[in-house]
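Could you have a look at this structure, given as structure tokens, before my questions?
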Amino acid sequence: MKRVSIIGIPIDLGTNRRGTDMGPSVIRYAGLGPEIAKLGYEVRDEGNLSVFTPETRPEETRHKDYHDEIVKICSDLSDLTYAKLREGYIPLVLGGDHSVAMGSIDGVLRHCENAGVIWFDAHADINTFETSPSGNVHGMPVAGLLGLGGDTLFGPGRKGIKLDKSKIVMIGLRALDPGEVKIIHELGIVCYTMHEIDRFGMHTVMARTFEHLKDCQHLHISFDMDGIDPRDAPGVGTPVRGGISYREAHLALELAASTGKVGSLDFVEVNPVFDVANQTAETAVKLILSALGKRIL
């Protein structure tokens, strides 16, 4: 029997907007577990990893150690992701902000070095502390996985390169910092911005993505809900107009599921503080189902 392990990371330490820490709860509330079970999966909910509450610290120290805290949380997530993969589960990580991807993807790569990452996001999240205008770690997980940023940004586990730059494809980009543009060009990261999606269509973009990652045995989908246009997903940490449509997102994930290689997922950045009637969490659940193989007929 196919098995899914749900892992919640109630974290918003990587961003300067509170609220994504409630993401795992509202996604679960939208019926996640029972809906996955209807697809024939055995579902195990691992609950949430422990994350400290910023308000428990004095105001003047609240941001001082967030990087260290995030690394610790990501290290715990890496261990749990790795363990669930070894047990034959598909780990489904619910954020929380996107910094959690350093942990989930590190765990995936420990299990399968030849894994590819499909990164859906309005942002590249490839800043380092030197290039980031904000200093927010949720804009840095890709850099951490690629070994950028030296000893100041290394994520969980071993320092240096964890993810090969040729084994990640970014889809839906439309809000990039100048430093990120420079890094992407220098490294030759494969990206499909909204320009390419508009020009070629999502089907072609996904076909090219699969061709690029054809030698990867395992596909990890890291889906930031701000990759979708705010009209369909208003409740996110950093909304950007002009994003992937509701149906484009479903098509992309349906096509990914059809490869038979999707073995792990992140769905992150749901922020109920800015949502309307839990619309974004409900959309996240429906997209997760598509990634796990649900079809219209």
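Since every read-out is calculated from the coordinates, none of them should be taken as a lab result. Just so we're clear, the structure is a prediction, and the values are computed from it rather than from any experiment. For neighbour counting, all protein chains shown are included, and Cβ atoms are generated from backbone atoms with ideal geometry for every residue, glycine included.
Taking amide H positions as placed 1.01 Å from N in the peptide plane, with prolines and chain starts having none, which residues 5 or more places from Val236, or on another chain, fall under 5 Å of its amide H?
Excluding prolines and chain starts, which carry no amide H, the hits are Asn271.
While we're here: Any idea what the relative contact order of the stretch 63-116 is, in percent, if you count C-alpha pairs under 8 Å spaced at least 6 apart?
It rounds to 44 percent for the stretch 63-116.
Lys/Arg Cβ at +1, Asp/Glu Cβ at -1, dipole of the stretch 3-291 taken about the Cα centre: which of Ser75, Ser134, His111 is farthest positive-ward?
The residue sitting farthest along the positive end of the dipole is His111.
Over the stretch 77-232, what relative contact order in percent results from Cα pairs under 8 Å that are six or more residues apart?
29 percent
Sequence-distant or interchain residues sharing an amide H contact under 5 Å with Val262, placed H: which?
Here Leu219 satisfy the definition.
What is the distance, in nm, between label points placed 7 Å from the Cα along the Cα-to-Cβ direction at Val181 and at Glu113?
3.7 nm
Among rounded, prolate and oblate, which fits the chain when a ≥ b ≥ c are the square roots of the eigenvalues of its C-alpha gyration tensor, a/c under 1.5 means rounded, and a/b larger than b/c means prolate?
rounded
While we're on this one: How high is the relative contact order of the chain? Use alpha-carbon pairs under 8 Å, at least six apart in sequence, and give a whole percent.
This gives 22 percent for the chain.
Can you tally the net charge around Asn114? Count Lys and Arg as +1, Asp and Glu as -1, for every other residue whose Cβ sits under 10 Å from the Cβ of Asn114.
-2
Would you please give the residues with an amide H less than 5 Å from that of Ile171, counting only those at least 5 places away or on a separate chain, with H modeled from the backbone geometry?
Trp119, Phe120, Asp121, Tyr192
Only bridges with both residues in the stretch 3-291 count here: give the DSSP antiparallel percent, nearest 5.
Beta bridges within the stretch 3-291, antiparallel portion: roughly 5 percent.
Right, something else. Find me the longest stretch of the chain that has none of the exposed chymotrypsin sites (Phe, Trp or Tyr not before Pro), where exposed means in a DSSP loop (not H, G, I, E or B) with at most 15 other Cβ atoms within 10 Å.
130-297
At a Förster radius of 30 Å, what calculated FRET efficiency corresponds to the Cβ-Cβ distance of Ser245 and Ser166, to the nearest 0.05?
Rounded to the nearest 0.05, the efficiency is 0.55.
What net charge do the residues around Val181 carry, taking every other residue with its C-beta under 14 Å from that of Val181, with Lys and Arg at +1 and Asp and Glu at -1?
Summing Lys/Arg as +1 and Asp/Glu as -1 gives -2.
Please find the FRET efficiency linking Arg18 to Glu130, where r is the Cβ-Cβ separation and R0 is fixed at 25 Å, and quote it to the nearest 0.05.
FRET efficiency, Arg18 to Glu130: 0.45.
About the Cα centre of the stretch 3-291, what is the dipole size in debye to 20, counting +1 per Lys and Arg Cβ and -1 per Asp and Glu Cβ, all else neutral?
The dipole of the stretch 3-291 has a size of about 560 debye.
Connecting C-alpha atoms closer than 10 Å in a GNM of the chain, tell me which of Lys167, Lys214, Lys84 has the biggest fluctuation.
Comparing Lys167, Lys214, Lys84 in a Gaussian network model of the chain, the most mobile one is Lys214.
Which whole-Hz couplings ³J(HN,Hα) result when phi for each residue of the stretch 237-243 is put into the Karplus expression 6.51 cos²θ - 1.76 cosθ + 1.60, θ = phi - 60°, listed in order with x for Gly and Pro?
Taking θ as phi minus 60°, the curve returns x, 9, x, 9, 5, x, x Hz for the stretch 237-243.
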